[in-house]
Structures are given as structure tokens and as C-alpha cells.
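Note sheet for the following structure.
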Ligand code: HEM
Ligand code: SF4
Ligand code: SF4
């Protein structure tokens, strides 16, 4: 059931991604940037909210008029700010829901990732009340409806004494103090908790991507500005507590559960909301994923260079003072609870060299499930089709479809936990020792890497912009990087291989770079 849900989710994302990949470069599409886009929308909401606050009257009598002034008299700035505030809040809901769906579908929420998953849920419980209290402040018919329905919901919680809904029986009962309390929650209380919540959410992630690419930010902002000018956010009729709310336009992003309060009952709506929250919070343990063995450090071979700690995408490596008396100042220590067993640290470790013959191949850090020594053996024993002049060895992340395609086409394929697990010295070894003539590296497309940075780090190592990098003696035209997770049409695949073989042949004819 779970894998069916995930499969369906992945298929859905691939369908959505297809048109996006025509417009955006890899890794720059909104679907690759859902977390950072959510933060960007929070920024728009914050900046536009500050402008609204300057002109807003936190009183029952003045609130509606102050927003009318901004919308109609100061439309060129205040009106635009109001629309940006509303549309960015709506967009935030969309990106956050897609973000949850994506992390779930691509199975990035279990085992060591449970912390980011569980700390994400309170963010949802802050964003919705933020939006809902925002609608109160407008004090129009929608605000009246929202306030009464929210009060009915609150009244269903047994801890509240007295009826909150009674506040909305007439204008004379509704006090400015109550209204100011809502303004405080919306403008100060909840935003402070949200900032803290986002910090906690990202606490365990190393180098979290918190800003989308500039082009995506400016494109999104431009689209919102156009929307703000074409469909400016407006109030509905002024709230009148002495009469029942007339027909109102609901904001379905924030208020979709409100009609259920009337249709069912507040109690049932709470049961549904708490039930869904509980299910989502428990999801990492339903069922518990099989935890892979974490990376292990071998102090005999660790020289404390910190590269593993710098490259680990989950901050799972602590550099601590040396404990074994060796002359190095630090040593790497894996925090097993944070390790997701991606092996990216092995790819970063300069001691993971397959050329070692005098001692056993035990690097400073290794992955028990596929050790550096086993990887070398796999390179040595790779079997090729013998109907080709050049032998192409493919390294592929577990679960990547392109690798599976190449394997079923008879190519030699070695699976690794993540593309980032392969130290560049292994590519050098395979090519310079004649175990392969050319190499294909195939990993998920930018932004889709299961371990966040595997494909990026490897590309940079091969292009010699990141340490440890591929030695200059290896011509990197012998290495093709196919960063995509979808099947490739057979003709396209054979074109890729032909191109690589032609490139390999030309390098062989003209000699390797020195
Ligand atoms: C305001 C709401 C949220 C914001 C701004 C936000 C933002 C982010 C960001 C920026 C990242 C890091 C992405 C990266 O660098 O690869 C992230 C990761 C993550 N988020 Fe959220 N998030 C939000 C809500 C949620 C919710 C509601 C959930 C789930 C219930 C969630 C689950 C996760 C998980 C599991 C990761 C870790 C992914 C991994 O380990 O590769 N997030 N989030
Ligand atoms: S295996 Fe991955 S998560 Fe674990 S320590 Fe190494 S780089 Fe970090
Ligand atoms: S990269 Fe290797 S040598 Fe450097 S600190 Fe990490 S384990 Fe030690």
C-alpha cells in the first residue's frame, strides 16, 4: 500500500516535471526547489506584511477602512503589497503541500530523516492559523465567517471555559482588545514561532538550500506582481455582526476545512485534523524502514582532513580532538543516528584510493554495505559485451532507471548507494589500469538526488572544481555524466553511448592528457 502510494506520487511528479523541464534548466524548476521556494514565499509575506502593518488599524472600527485605503487610494504600493501578501501566502500552502508529497514519494522521510519530517508538521500547524488569523484582520464578511467558525472550533476544545463564539454575537460585545489579540498572534506571535520552527526543521540538514536560484525568484516575483495588478486582492463587504453572513468567497487554500465544521461538527473536524497529523507524524515508523549500517571511521587511516565532514549532506560527521595520540589535530566521528548511509563521505576521503597495494584497502571512512575494497573488486571483475571496440563501465545509483536500462542492454553496471560515493581515484583506476575504456556515471537529475548533493559533488570532482578531484592525467572526455532518473528512449541511449565511444576513441587516438 505504502509503496503504491509512493510510486503514484513519483509518477505524478514526473508528469508535472515534464513541461517544467522544457522551461527550466535542471535543478531550477519550482518542483526541485519546493523547500527553498516556501522560504521565499515566507519572505514575501514578511516584507509585504510590514508595509501593511504600517497602515493597519488594530481596532474593530478601523481595520476594514485602513485596508480599503491601501487597496483603493494607495493601490500602486499598498494595494500591490496586500495582493503580494495574499498570493504569496496561498502559494506557500501549495509549495509546502507539494514539498511533503515529494519527500514522502521519494522516500526521504524515514530512518535518520525522521527529524526533518516530524519537525515539519508543527510548521503546518503554524501556517494555517497564520493565514486564518490574517483573514480575521480584514474584518469583512469573510472575516466574520472565519471568526465565528474558528470560535466554534475552539469552543469544541474542552480546555476553554465559556464560549468564544459569544464574542461575535454583536458589535458591542466584540472588543478591540480581542481584535488586538488576533493582530498580535498574526503579526508577532505566530511568525516568531514559525521562524524558530523553520530553524529547527533545518537543524539536522547540512547546507540546506534556503534560497531558490535567482532566475526562479525573480520569475516568481514578477508573476505575482502581474497577478497583483490584474487581480488585486480585495475585501468583501464590511462585517456586520447583527446579520448572518451572506454569500462569501472562501479562500480554499486556507479555509477548505471550514465548510466541514457546519456540515459535520467541530468535534469531527478536530478528530480528522488530529488523526491526519498523527498519521503523518508517525509515518516514518509505519512501517519502520530498514536502517542501513552507518559509515564507519578507521582511525588508523584518518588524517583529520575534514573533507568527509564538509561533504556529508546530513551533518553526520563530527570532527573531534584526536583521541589516539597521532600527530593530527582532529579525527572524524560518525553520529550513527544522523547517518543515512549514502557513502558521500567515502567519495570525499582522500585515503579511499584503489591504487593502494601495500596495505589493505581500508579508507579513513567506509560504508559497510559496499566497502571501498568491494567497489575495487567490482571494477576488476566487470564483464563487458565483447562486440564493442571500447568497453564502457557504468556507475549508477541504486534505483536509477538509466542504469537498469544500460544493464538490460548488456552494459557493465556497478551500483553504488549514491553517485557521491565514488572517489575520483576509482575512475582514474578503472581507466588507467585498463579495466574500462570509458565511464558512464548515471544519477538522478539535479535536485532529485536522494541524498541531496551526490550528483553535484561528483560532477564537480570530475570537472576538477571540488576536492578530491580527478587527476589531470585522465581525460574527462572519457567520462559521460547522465543525470536523469527517467528512462531514456533506446535511440537516445544508443546516441549517448556512441558519442562516448567516439569521444573515447578520439582520446585514445590522440593520447591522454598529461
Ligand atoms: C514552512 C514550511 C516548510 C519549509 C519552509 C520547509 C523547508 C525545507 C527546506 C529548505 C529543506 C531543505 C531542502 C534541501 O536543502 O535539500 C527541507 C527539507 C525537508 N523537509 Fe521541509 N519545509 C517545510 C515544511 C515541511 C513539512 C510540513 C514536512 C513534512 C511533514 C517537511 C519535510 C521535510 C523533510 C523530510 C526534509 C528533508 C529532506 C532530506 O532529508 O533530503 N517539510 N524543508
Ligand atoms: S554515509 Fe552519508 S550521511 Fe553517513 S556519514 Fe557518510 S556522508 Fe554522512
Ligand atoms: S575525509 Fe577521510 S581522512 Fe579526511 S577526516 Fe574524513 S575520514 Fe578522515
Exercise. So which of 53, 31, 77, 97 is within 19 Å of residue 198 (Cβ to Cβ) and either in a helix (DSSP H, G or I) or not assigned by TED's automatic domain parsing to the domain that holds residue 312 (or both)?
Worked result: 97
Exercise. Can you tell me which residue in segment 340-349 is farthest from ligand 2 (Cβ to nearest atom), limited to those that are assigned to a loop (DSSP other than H, G, I, E, B) and in contact with a helix residue (DSSP H, G or I) (Cβ under 6 Å, 6 or more places away or on another chain)?
Worked result: 349
Exercise. Can you name the residue in segment 332-350 that is surrounded by 24 or more Cβ atoms within 10 Å (Cβ to Cβ) and within 11 Å of ligand 3 (Cβ to nearest atom) and, of all such residues, is farthest from residue 429 (Cα to Cα)?
Worked result: 332
Exercise. What about residue 352, is it over 24 Å from the mean Cα position of the chain (by Cα) and more than 12 Å from ligand 2 (Cβ to nearest atom)?
Worked result: no
For this session: Could you tell me whether segment 18-28 includes any residue that is surrounded by 21 or more Cβ atoms within 10 Å (Cβ to Cβ) and either within 31 Å of the chain's Cα centre (by Cα) or in the same structural domain as residue 116 (by TED's automatic domain parsing) (or both)?
Result: no
Seminar exercise, completed: Taking segment 364-381 and keeping residues touching a helix residue (DSSP H, G or I) at 6+ places or on another chain (Cβ under 8 Å) and closer than 23 Å to residue 436 by Cα leaves 370, 372, 375, 376, 379
For this session: Report yes if some residue within segment 356-366 is touching a strand residue (DSSP E or B) at 6+ places or on another chain (Cβ under 8 Å), surrounded by 15 or more Cβ atoms within 10 Å (Cβ to Cβ) and free of Cβ contacts under 8 Å to residues at least 60 places away in the same chain; otherwise report no.
Result: no
Exercise. Any residue in segment 310-326 that is in the same structural domain as residue 152 (by TED's automatic domain parsing), within 29 Å of residue 96 (Cβ to Cβ) and part of a loop (DSSP other than H, G, I, E, B)?
Worked result: no
Exercise. Within segment 225-266, how many residues are without any contact (Cβ under 8 Å) to a residue 24 or more places away in the chain and assigned to a helix (DSSP H, G or I)?
Worked result: 6
Problem set entry | Checking residue 401 against (1) modelled with pLDDT of 85 or more; (2) surrounded by 15 or more Cβ atoms within 10 Å (Cβ to Cβ); (3) within 33 Å of the chain's Cα centre (by Cα), the condition it does not meet | (1)
Exercise. In the list 62, 78, 12, which residue meets the criterion of being farther than 17 Å from residue 219 by Cα, away from ligand 2 (no atom under 16 Å from the Cβ) and buried (at least 17 other Cβ atoms within 10 Å of the Cβ)?
Worked result: 78
For this session: Looking only at segment 108-126, decide whether some residue is under 28 Å from residue 206 (Cα atoms), touching a strand residue (DSSP E or B) at 6+ places or on another chain (Cβ under 9 Å), in contact (Cβ under 8 Å) with a residue 24 or more places away in the chain and assigned to a helix (DSSP H, G or I).
Result: yes
Exercise. Within the set of pairs 6 or more residues apart or between chains, which connect a residue that is farther than 26 Å from residue 376 by Cβ inside segment 323-348 to a residue that is within 14 Å of ligand 1 (Cβ to nearest atom) and modelled with pLDDT under 95 with Cβ atoms less than 6 Å apart?
Worked result: 335/316; 338/112; 338/314; 338/316
For this session: Can you confirm whether segment 137-146 contains a residue that is assigned to a helix (DSSP H, G or I), modelled with pLDDT under 85 and surrounded by fewer than 22 Cβ atoms within 10 Å (Cβ to Cβ)?
Result: no
For this session: Can you give me the number of residues within segment 321-331 that are out of contact with any strand residue (DSSP E or B) (no Cβ under 7 Å at 6 or more places or on another chain) and within 16 Å of ligand 2 (Cβ to nearest atom)?
Result: 0
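Table: residues versus (1) touching a helix residue (DSSP H, G or I) at 6+ places or on another chain (Cβ under 6 Å); (2) more than 30 Å from residue 121 (Cβ to Cβ); (3) without any contact (Cβ under 8 Å) to a residue 40 or more places away in the chain.
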site	(1), (2), (3)
69	no, yes, yes
74	no, yes, yes
95	yes, no, no
103	no, no, yes
106	no, no, no
Exercise. If you take the residues of segment 270-320 that are surrounded by 14 or more Cβ atoms within 10 Å (Cβ to Cβ) and more than 16 Å from ligand 2 (Cβ to nearest atom), which of them is nearest to residue 423 (Cα to Cα)?
Worked result: 303
Exercise. How many residues are assigned to a helix (DSSP H, G or I) and over 19 Å from residue 372 (Cβ atoms) when one looks only at segment 267-309?
Worked result: 16
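The values are calculated or read from the model by the stated rules, or taken from the named source; none is laboratory data. Here the structure is a predicted model, which is why all the values come from computation and not from measurement. Neighbour counts run over all protein chains shown; Cβ positions are idealised from the backbone, glycine included.
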